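Asks: Here it is, the structure in full.
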Amino acid sequence: MLRTLLGLGAALAAIFATPAAAAPAADPVAAFYKGRTVQVLIGFSPGGGYDIYARTLARHMGKHIPGNPTMVPQNMPGAGTLKVANYIYNVAPKNGTVMGTFARGIPMERLLGRTEGQQFDATKFTWIGSVTDEPSVCVFWHQSGIRTWEDMKTKPWKVGGSGITSDLDIYANVLRNMFKLPGRLISGFPGGQEVLLSMQRREVDGRCNWSWSSLISRDKYMLDQKLINIPIQLGVEKNPDLPNVPLVLDLTDDPKEKAALRLIFSRQVIARPFAAPPGIPADRAKALRDGFDATMKDPAFLAEAEKLQLEVRPQSGARVEQLIKEIYAYPPDVVKIAASAIQNASR
Amino acid sequence: MEGQLDMALQALQTLMEPHRLSILVFGVLLGLAIGVMPGLGGVVALAVLIPFTYNMDAPSAFALLLGVAAVTTTSDLIPAVLFGVPGTVGAAATVIDGHALAQKGQAGRAFGAGFVSAALGGVFGAFVLALAVPLLQPIMLAIGSPELLAFSIFGLSMVATLSGRAPLKGLAGAGIGLMISMVGSGTQTGTLRWTFDQLYLFDGVPLIPVTLGLFALPELADLAINRRRIAREVMGNVSLSSQWEGVRDVGRNWWLVIKCSGLGTILGAVPGIGSAVIDWIVYGYAARTEKNAETFGSGDIRGVIAPEAANNAKEGGHLVPTIAFGVPAGASMTLLLGAFLLHGLTPGPDMLGRNLDITYSIIWSLTLANVMGGMICLLGARHLAKFAEMKHETLLPLVMPIVFVATFQATRSWGDLYSLLIFGVIGWIMKRLGWPRPPMVLGFVIGPIFERYLFLSNEIYGYSWLMRPVVIVIGVVIAWALYRPLSQTVKHLAQEFRHLDRTTIKVGPGAWFTGVWMVVAVAALITSSSWPEVEQIVPRTACWAALIAGSLNLVTELFGGYRPKAAAGDSHDLPPTDTPLEPAVMLRRAAEFFGWLAGFILLAGLFGFLPAIGLFVFVFMSIGFKQPLLRSAIFSLCMALFCYGVFDRGLHVPWPQAVLGDIWPALREYSGLM
């Protein structure tokens, strides 16, 4: 019986097999990828920034990998993208047919003392690259009375968040803890867009972390009509578009605090990260990384990114890997400051 | 205003250009096809189609996308009526009366009424959206977290109506549904609740396996157990004339259509409340407000009209927050939002000003798609009604693999199939023991929204959220909706408890089932005690509700001498199919049925998903139902090739890794199927 079933299974498998996959080719990588699909897992629901970046990348990257595999995006939301990170690290086949994207802060969660549900070592992923680095800002509604950093330090305010692992919450908490600000964090919104709506209803005063590119591409009118104030920018370098808005790193003179802020906000450098499982064959890892880099220069990709108003300032896989290693090499006392800064302060 | 009318007419003109119209028709046909496939809904279709719209102009792109999205909830009626298998998660409520009508040989009437009310509902939703365009922003700004909370409580209050005369079971079920919805990472601190270190559960239990498990598998199981055709009475002629009867039913109930469409539109505008519960809420609402509602549940045409109208109307409502603020109200809207951005449209003032013409073309697409969808179904669906006359031994092998592979689309992991099996067994037992299933779905879907807005409302407003005018209005509606069911319930319970027989204890299956749920609730209470306080409140309240309702129910099960005569429609759920079978035979056949399902999971784990479908159909037919080998082989080959074409080639589904692929990696590399 079993033998019959096995035979039948093999026969069926033969029927279903893609003929193209069998074609011999000189390049083993091309031979592997030919006629195959590569999954691009997205740790978020459809429609958001990470999702658009991933889908745009997936549409173009296939033609820059030998054998031209079909890249298929798939959403796998859950637990602030921990699910997809765990999945890529542990469950996904380690043969170069899966890559994915998760929250930019996920790689440093363990370092900062958050280990619940973490089943991976961020330094060991096969990092493919990041499509862009991204300055971010705090935004307050024009009627909130918060115009400047000085206001943030002296007047009470409320910002919205979407769960402890989201950058909305982490950045708000870092500011409140590190600078002893009189602000509140109201968490539990489904996402940043809902926080914006709530801000317009005057339920909250603003959001602390809005990626500059999303602001420009989706809600520039708010800026043009002076509906919002930007008291502070978040990142490790000043955004040339915002010369007069203070950078969070410049707000402290204490070198250790500065280092801790640098540690936390360095995630903005790898704003749209992509990674494959650890231990995939070296030639395929190289093919994926090279394919990513080539896509970043592909005129078709760039044209589409421009149409979607997506910023493209790529970081190579090697650069992302190096950055993660640097982050994990920070001195323990700095890590300690950073770890206590991201804690959810009492309301 | 005049300028807006001009713009609306101009948008219609743009859309009526032949190439756009044909794109719309194509979208509608595709949407109808997807709606018929159980488990596949608009979300899958949109995800696949959006890349194809890159090179289209915006009106064409939205004609395609809305053509698809608008009508999946029209054709999902077809499998719901014929097999009791909802075509999308939104058709579960239609199953109750629609399938009962099919069993009486009135599938045609259900079709006629369902398609027409769906089309009318869809047009109504689009019409409301068009009227509301100038007011969209003020409307959305008036609805804050407290209002959203009030809407979700309104939804939960329908548990009372949907429980019928089994209030304790309904309440316990709702509590359990709420508990299950709390699985996953908490919204406040990210605590992993009841995930047991299973990656699958990090994002909670997905909706599709739950609805298909609770509503589709029990019907299929009973088909396998009773071994009869679905249409127990002669179908007669599912002709245009029988459908015409359904159309006339809609005419007689025009006020119900308008009420339900209105409710569907409003609920659709509430982010998070999607088709999976709108159908139930509206069904409950109809059962609560209609005269002579006791026939609901046993083939009342109004039970088809109400959810169908609402579910198509909701699409117009869904678009309100999406267009006005870029806040998607449902899963399909998040994708549509992505498409907006892709075409350079930013939701908000832009779509209500500079790009108003496109907003109107979206509304027209929605309107036309609904009308076309209804007409195509009216003309075409009756041919499909013959499926209900198929014998179980050929019908089951056709429907079951589709249910499997569609369930697998939920998250594309093995967990989907385990969930399907688990909820299938639970659903079948509930159906048998008279536990109403809709309350469980309501608790499951509304739970997370309720929790979210409960916290936000409290955080932002303190207790003053209760004093907001819209909240008060909704509160009055809730009180009105609860009053009659609650007073009936109290009377009914008092009667039941008066008739308790304290001398004899009967430990029947009902008592066992209740007992198991209580053990689950206690275990859930124990395992949740270490969570942060904010993450405990809603889940543990749900546990206690389930536990208290469960223990009261246990008392009536153990000592219940008094049995109210079970009238059809008592629990607003399908009455257990009247069966002359011995309990032992029934149990054996049920075990066999679910055994086959487990066997499929095993086969898929060994040989890969697609090969397993071929194998399963072959073995199921030839051994399970003793069909000729040749026929079984042909069926199996057709099903496997069909699934291969749609899911592997069409949707590029990544198949899970199977044992065979581990043993022979070359085979995995070669086929990509295992």
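The values are calculated or read from the model by the stated rules, or taken from the named source; none is laboratory data. Keep in mind the model is a prediction, meaning the values are calculated, not measured. Ideal geometry is used to build each Cβ from the backbone, glycine not excepted, and the neighbour counts take in all protein chains shown.
Asks: Determine whether residue B:303 is more than 22 Å from the chain's Cα centre (by Cα), under 17 Å from residue B:81 (Cβ atoms) and assigned to a helix (DSSP H, G or I).
Replies: So residue B:303 fails the test.
Asks: Name the residue, out of B:210, B:304, B:277, that is surrounded by 24 or more Cβ atoms within 10 Å (Cβ to Cβ), closer than 30 Å to residue B:141 by Cβ, of a type in the set (Val, Ile, Thr) and more than 14 Å from every other protein chain (Cβ to nearest Cβ).
Replies: B:277
Asks: Limited to segment A:47-77, what total is found for residues that are on the phi < 0 side of the Ramachandran plot and more than 10 Å from chain B (Cβ to nearest Cβ)?
Replies: Narrowing segment A:47-77 to residues on the phi < 0 side of the Ramachandran plot: A:48-66, A:69-77.
Narrowing further to those that are more than 10 Å from chain B (Cβ to nearest Cβ): A:50, A:53-54, A:57, A:60-66, A:69.
Qualifying residue count, segment A:47-77: 12.
Asks: Say we look at segment B:632-663 and pick out the residues that are within 9 Å of chain A (Cβ to nearest Cβ) and not in a helix (DSSP H, G or I); which of these is nearest to residue A:35 (Cα to Cα)?
Replies: Looking at residues that are within 9 Å of chain A (Cβ to nearest Cβ) and not in a helix (DSSP H, G or I), I get B:652.
Asks: Checking residue B:298 against (1) in a helix (DSSP H, G or I); (2) surrounded by fewer than 24 Cβ atoms within 10 Å (Cβ to Cβ), only one condition comes out false. Which one?
Replies: Going through the list (1) in a helix (DSSP H, G or I); (2) surrounded by fewer than 24 Cβ atoms within 10 Å (Cβ to Cβ), residue B:298 breaks only (1).
Asks: Which of the residues spanning segment A:204-236 are within 22 Å of the chain's Cα centre (by Cα), more than 12 Å from every other protein chain (Cβ to nearest Cβ) and either farther than 25 Å from residue A:174 by Cβ or not in a helix (DSSP H, G or I) (or both)?
Replies: Those that are within 22 Å of the chain's Cα centre (by Cα), more than 12 Å from every other protein chain (Cβ to nearest Cβ) and either farther than 25 Å from residue A:174 by Cβ or not in a helix (DSSP H, G or I) (or both): A:206, A:207, A:208, A:209, A:210, A:211, A:232, A:233, A:234, A:235, A:236.
Asks: Give segment B:18-30 a look and list any residue that's more than 22 Å from residue B:398 (Cβ to Cβ) and either outside the structural domain of residue B:111 (by TED's automatic domain parsing) or not β-branched (Val, Ile, Thr) (or both), or say none. So that I can check it myself, show each step before the final result.
Replies: Here is the first cut: in segment B:18-30, the residues more than 22 Å from residue B:398 (Cβ to Cβ) are B:18-28.
Once the filter is applied, which keeps residues that are more than 22 Å from residue B:398 (Cβ to Cβ) and either outside the structural domain of residue B:111 (by TED's automatic domain parsing) or not β-branched (Val, Ile, Thr) (or both), segment B:18-30 yields B:18, B:19, B:20, B:21, B:22, B:24, B:26, B:27.
Asks: From the residues in segment A:88-108 that are of a type outside the set (Gly, Ala, Ser) and in contact with a helix residue (DSSP H, G or I) (Cβ under 6 Å, 6 or more places away or on another chain), which one is nearest to residue A:300 (Cα to Cα)?
Replies: Ranking the qualifying residues of segment A:88-108, first place goes to A:101.
Asks: Scan segment A:44-73 for residues that are touching a Lys or Arg at 6+ places or on another chain (Cβ under 7 Å) and either under 26 Å from residue B:330 (Cβ atoms) or basic (Lys, Arg) (or both) and jot them down.
Replies: Matches in segment A:44-73: A:50, A:53, A:73.
Asks: Follow-up. Answer yes or no: is there a residue in segment A:308-319 that is part of a helix (DSSP H, G or I) and either within 14 Å of another protein chain (Cβ to nearest Cβ) or of a type in the set (Val, Ile, Thr) (or both).
Replies: No, segment A:308-319 contains no residue that is part of a helix (DSSP H, G or I) and either within 14 Å of another protein chain (Cβ to nearest Cβ) or of a type in the set (Val, Ile, Thr) (or both).
Asks: Which of the residues spanning segment B:326-349 are in a helix (DSSP H, G or I), within 26 Å of residue A:306 (Cβ to Cβ) and more than 7 Å from chain A (Cβ to nearest Cβ)?
Replies: B:333, B:336, B:339, B:340
Asks: May I ask you to verify whether residue A:97 is at the interface with chain B (Cβ under 7 Å from one of its Cβ atoms), over 27 Å from residue A:330 (Cα atoms) and β-branched (Val, Ile, Thr)? So that I can check it myself, show each step before the final result.
Replies: Numbers: at the interface with chain B (Cβ under 7 Å from one of its Cβ atoms): no; over 27 Å from residue A:330 (Cα atoms): yes; β-branched (Val, Ile, Thr): yes.
No.
Residue-by-condition table, conditions (1) outside any helix (DSSP H, G or I); (2) buried (at least 24 other Cβ atoms within 10 Å of the Cβ); (3) within 14 Å of chain A (Cβ to nearest Cβ):
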site: B:423; (1), (2), (3): no, yes, no
site: B:430; (1), (2), (3): no, no, no
site: B:442; (1), (2), (3): no, yes, no
site: B:451; (1), (2), (3): no, yes, yes
site: B:454; (1), (2), (3): no, no, yes
site: B:457; (1), (2), (3): no, yes, yes
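Asks: Only one of B:61, B:119, B:130 is part of a helix (DSSP H, G or I) and within 21 Å of the chain's Cα centre (by Cα); which?
Replies: Only one candidate qualifies: B:119.
Asks: Quick one: would you say residue B:193 is of a type in the set (D, E, K, R), surrounded by fewer than 24 Cβ atoms within 10 Å (Cβ to Cβ) and touching a strand residue (DSSP E or B) at 6+ places or on another chain (Cβ under 7 Å)?
Replies: yes
Asks: Looking only at segment A:187-203, which residues are at the interface with another protein chain (Cβ under 7 Å from one of its Cβ atoms), farther than 23 Å from residue B:191 by Cα and not polar (S, T, N, Q)?
Replies: Result: A:197, A:201, A:203.
Asks: Please pick out the residue among B:71, B:95, B:123 that is of a type in the set (Val, Ile, Thr), surrounded by fewer than 24 Cβ atoms within 10 Å (Cβ to Cβ) and within 25 Å of residue B:34 (Cα to Cα).
Replies: Numbers: B:71 fails: surrounded by fewer than 24 Cβ atoms within 10 Å (Cβ to Cβ); B:95 fails: surrounded by fewer than 24 Cβ atoms within 10 Å (Cβ to Cβ).
Of B:71, B:95, B:123, the one residue that is of a type in the set (Val, Ile, Thr), surrounded by fewer than 24 Cβ atoms within 10 Å (Cβ to Cβ) and within 25 Å of residue B:34 (Cα to Cα) is B:123.
Asks: crowded, with 19+ Cβ neighbours inside 10 Å and small (Gly, Ala, Ser): is that true of residue A:145 in this structure?
Replies: No; evaluated as a whole, the condition is false for this residue.
Asks: Based on what the data block shows, is residue A:174 in a helix (DSSP H, G or I), crowded, with 18+ Cβ neighbours inside 10 Å and more than 10 Å from chain B (Cβ to nearest Cβ)?
Replies: yes
Asks: Still on this structure, please answer the following. Go through segment B:632-667 and report how many residues are over 16 Å from residue B:399 (Cα atoms) and in contact (Cβ under 8 Å) with a residue 24 or more places away in the chain.
Replies: Adding up the residues that qualify gives 11.
Asks: Which numbered condition in (1) under 29 Å from residue B:354 (Cα atoms); (2) away from every other protein chain (no Cβ under 11 Å) is the only one that residue A:183 fails?
Replies: Condition (1) is where residue A:183 drops out.
Asks: Any chance you could count how many residues in segment A:80-103 are surrounded by fewer than 22 Cβ atoms within 10 Å (Cβ to Cβ) and closer than 23 Å to residue A:133 by Cβ?
Replies: Of the residues in that region, 1 qualify.
Asks: Here's another thing I want to ask about it. Provide a single number: the residues in segment B:157-191 that are within 18 Å of the chain's Cα centre (by Cα), at pLDDT 90 or above and aliphatic (A, V, I, L, M).
Replies: Qualifying residue count, segment B:157-191: 4.
Asks: Can you spot a residue in segment B:138-145 that is more than 14 Å from every other protein chain (Cβ to nearest Cβ) and within 21 Å of residue B:461 (Cβ to Cβ)?
Replies: Looking through segment B:138-145, none of the residues is more than 14 Å from every other protein chain (Cβ to nearest Cβ) and within 21 Å of residue B:461 (Cβ to Cβ).
Asks: Could you check residue B:197 against (1) more than 19 Å from the chain's Cα centre (by Cα); (2) on the phi < 0 side of the Ramachandran plot and say which number it fails?
Replies: Against the list (1) more than 19 Å from the chain's Cα centre (by Cα); (2) on the phi < 0 side of the Ramachandran plot, residue B:197 comes up short only on (2).
Asks: Could you please find all residues in segment A:285-307 being within 12 Å of chain B (Cβ to nearest Cβ) and surrounded by 15 or more Cβ atoms within 10 Å (Cβ to Cβ)?
Replies: Selection gives A:304, A:305.
Asks: Further question: Give segment A:238-263 a look and list any residue that's polar (S, T, N, Q) and in contact (Cβ under 8 Å) with a residue 60 or more places away in the chain, or say none.
Replies: A:239, A:252 - these are the residues of segment A:238-263 that are polar (S, T, N, Q) and in contact (Cβ under 8 Å) with a residue 60 or more places away in the chain.
Asks: Looking at the structure I just gave you, is residue A:325 under 21 Å from the mean Cα position of the chain (by Cα) and surrounded by fewer than 16 Cβ atoms within 10 Å (Cβ to Cβ)?
Replies: Yes.
Asks: On to the next question. With B:278, B:323 as the choices, which residue is β-branched (Val, Ile, Thr) and either assigned to a loop (DSSP other than H, G, I, E, B) or under 15 Å from the mean Cα position of the chain (by Cα) (or both)?
Replies: B:278
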